[in-house]
Amino acid sequence: MKSYNSKIAGNDKVEMVHYSMDQSEEAALKWAKSAKMPWPHVLPKNARKSGLSKFNRDSMANLYVLIDKDGKKLATDKAECFQKIAELTK
């Protein structure tokens, strides 16, 4: 949340989306609410429709992928993503 609050919240050029691996929508939303995550959440059943399915991998825990508005991958992993966000929003 610290990185989100300092680098993304209030930045109209960047939006964070959580791609949940939970199969239960109820469980995913309960977890997101308890973690106080204010961004949109996509469940696996909606991944194809959202365009996020192409970024799937066996373990998505803590996977960060920065994509542009056209779905092009710009960076992966947390450090690279936040570095690229800083570059793009100067």
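Scanning the range 18-36 for residues that are out of contact with any strand residue (DSSP E or B) (no Cβ under 6 Å at 6 or more places or on another chain) and under 17 Å from VAL65 (Cβ atoms) turns up just one, MET21.
The residue pairs whose first member lies in the range 74-86 and is among the β-branched types (Val, Ile, Thr), whose second member is surrounded by 18 or more Cβ atoms within 10 Å (Cβ to Cβ) and not in a loop (DSSP other than H, G, I, E, B), and whose beta carbons are closer than 8 Å, counting only pairs six or more residues apart or on different chains, are THR76/VAL65; THR76/LEU66; ILE85/LEU66. For the structure I just gave you, tell me whether TRP31 is surrounded by 13 or more Cβ atoms within 10 Å (Cβ to Cβ), among the aromatic types (Phe, Trp, Tyr) and at pLDDT 75 or above. Considered against the rule, which asks whether it is surrounded by 13 or more Cβ atoms within 10 Å (Cβ to Cβ), among the aromatic types (Phe, Trp, Tyr) and at pLDDT 75 or above, TRP31 comes out as yes.
When the test is whether a residue is within 11 Å of the chain's Cα centre (by Cα), farther than 30 Å from LYS90 by Cβ and either β-branched (Val, Ile, Thr) or modelled with pLDDT under 80 (or both), SER20 passes it. Residue count for the range 38-55, restricted to those that are assigned to a loop (DSSP other than H, G, I, E, B) and either more than 30 Å from LYS90 (Cα to Cα) or at pLDDT 80 or above (or both): 4.
The values are calculated or read from the model by the stated rules, or taken from the named source; none is laboratory data. All figures in this text were calculated on a predicted structure; none of them were measured in a lab. Please note: Cβ atoms are built from the backbone with ideal geometry, for glycine as well, and neighbour counts cover all protein chains shown.
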